[in-house]
Amino acid sequence: MSKQKSALSASQVENYLQQHPDFFHEHLNLLEQMSIPHPSGTAISLISKQLEIFRSKHHELENQLNALIEIARDNDASFIRLHKLTLALLEAATLEQAIANLDVVLADYFLTDFVALRIIKQRPDSAIANLFIEPGSENLQPFLKELASNQPNAADRL
């Protein structure tokens, strides 16, 4: 069965409001959205101007609140991702497990397609020896400035 929408005429709305004079007491939010003309012509009453200013501020504050709520949601999601990462690293008993857990968490919770991990240290004899870079290696040349500052790259802090 399809429902047909019937449009109300202005006179039907007027009749309804006359029969229900308390309608706007229960539906104050509708008054915020309505534009009611003034019989004073082009002049605007102070009350109307105040109401216009209050509506504008209300909408501005509502937008700010929505933005803050969105930021809070993003922060909550970031906290959960970092919590999962921390737990995954804490659960690892070996470096190999930590690296495996890191790969899983970064792929699942941080949605990374590719992870490259390098450890600057003498190369041990292990299954993950390919992750180690000798401290004097030429492969470190592009990163000497960051390594010398002991601070993350500015792009990493954004």
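No value in this document is a laboratory result; all are computed from the given coordinates. Treat the numbers as computed from the prediction; the structure is a model and nothing was measured. Note that each Cβ is placed from the backbone with ideal geometry, even for glycine, and that neighbours are counted across all protein chains shown.
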If every Lys and Arg gets +1 and every Asp and Glu gets -1 at its Cβ, then about the Cα centre the chain yields a dipole, in debye to the nearest 20, of 260
Per the charge dipole of the chain (beta-carbon charges, Lys/Arg positive, Asp/Glu negative, Cα centre), the residue among ILE99, VAL13, SER149 reaching farthest to the positive end is VAL13
Karplus-derived 3J(HN,Hα) from phi for the stretch 84-92 (6.51 cos²θ - 1.76 cosθ + 1.60, θ = phi - 60°), whole Hz, x at Gly and Pro, runs 4, 5, 4, 4, 4, 6, 5, 6, 7
For the stretch 96-105, Karplus-derived ³J(HN,Hα) couplings (6.51, -1.76, 1.60; θ = phi - 60°; whole Hz; x for glycine and proline) come out as 4, 5, 4, 5, 4, 5, 4, 4, 5, 5
Proxy exposure order for SER35, SER45 (fewest C-beta within 10 Å first) is SER35, SER45
Given backbone amide H placed at 1.01 Å from N, residues whose amide H is under 5 Å from that of PHE132, ignoring those fewer than 5 places away on the same chain, are ILE119
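Ranked by Cβ crowding within 10 angstrom, fewest neighbours first, how are TYR16, TYR109 ordered? It would help to have the intermediate numbers written out before the result.
Values: TYR16 11, TYR109 16.
Going from sparsest to densest Cβ surroundings: TYR16, TYR109.
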Excluding residues fewer than 8 positions from LYS84 in its own chain, the aspartates and glutamates with Cα under 16 Å of it are ASP74, ASP76, ASP103, ASP108
